[in-house]
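A short worksheet on the structure shown next.
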Amino acid sequence: RRMTKRGTLAYYLAAWVIGCFVISVLAWIWAPQDSPLPGPARLLILYFLSLAYGAMDILIFAFLLRRVMRLWGTHNIALWMLAGAILGAALVRLLLWSGDALTGMTPLSGRGALSYLLLAFWTAPNALRLAGIWQAPIGGALAAAVLCLVDRAFNRPEEETGAKPSPANT
């Protein structure tokens with residue numbers, strides 16, 4: 001009940017679906033056009049892979065963004081976009097750095113649980129490294145704009161939620 005009342009489910013679902021789509025479109029636009037597949041097919045493949053491999057990363061991004069913006073106590077879309085751009089770039093850099101450090105210590109040739117966990121976290125940032133890491137702040141800002149609107153829709157200020165019912169509703 002709490003996940004739907006406060007918009008948590010909608011917020012994280014929007015983060016996953018919209019955030020991965022934004023990154024997929026950016027990668028699709030600037031990807032080399034030497035593929036034998038037509039453009040829409042490449043976009044759908046990129047989006048599917050982004051949904052599969054970027055889920056953990058985008059959910060961490062959404063969680064951190066929501067916490068920061070709750071501390072600031074604002075639904076100003078420009079501030080959300082600025083925070084999303086900074087957080088998107090920082091999170092991708094941190095995941096790349098930690099992934100590079102851990103893969104240097106851990107053999108990923110095995111099929112153990114650690115290998116799959118690392119794959120879940122570092123595949124999407126590594127794909128961004130190849131496609132252009134500059135896409136992380138743009139994708140973070142655009143995803144944050146949508147997340148701001150979702151969070152605003154479910155978390156209205158107290159004066160709006162505590163308003164008296166209109167005579168037509170009584």
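The values are calculated or read from the model by the stated rules, or taken from the named source; none is laboratory data. Keep in mind it's a predicted model, so treat the numbers as computed, not measured. Heads up, the Cβs are rebuilt from the backbone with ideal geometry, glycines too, and the neighbour counts pull from every protein chain shown. Only protein heavy atoms, including side chains, enter the accessible area calculation; ligands, DNA and RNA are left aside. Shrake-Rupley method; radii C 1.70, N 1.55, O 1.52, S 1.80 Å.
Quick notes
- Between Arg67 and Ala120, the modelled labels are 1.8 nm apart [label points 7 Å from Cα along Cα→Cβ].
- Low-density loop cleavage sites - trypsin sites (Lys or Arg not before Pro) in the stretch 1-95, where at most 12 other Cβ are within 10 Å (DSSP): Arg1
- For Ile138, solvent-accessible area (1.4 Å; no DNA, RNA or ligand), Å²: 70
- Extension gain (nm, one decimal) between Arg156 and Ala90, 0.36 nm per residue minus Cα-Cα: 20.9 nm
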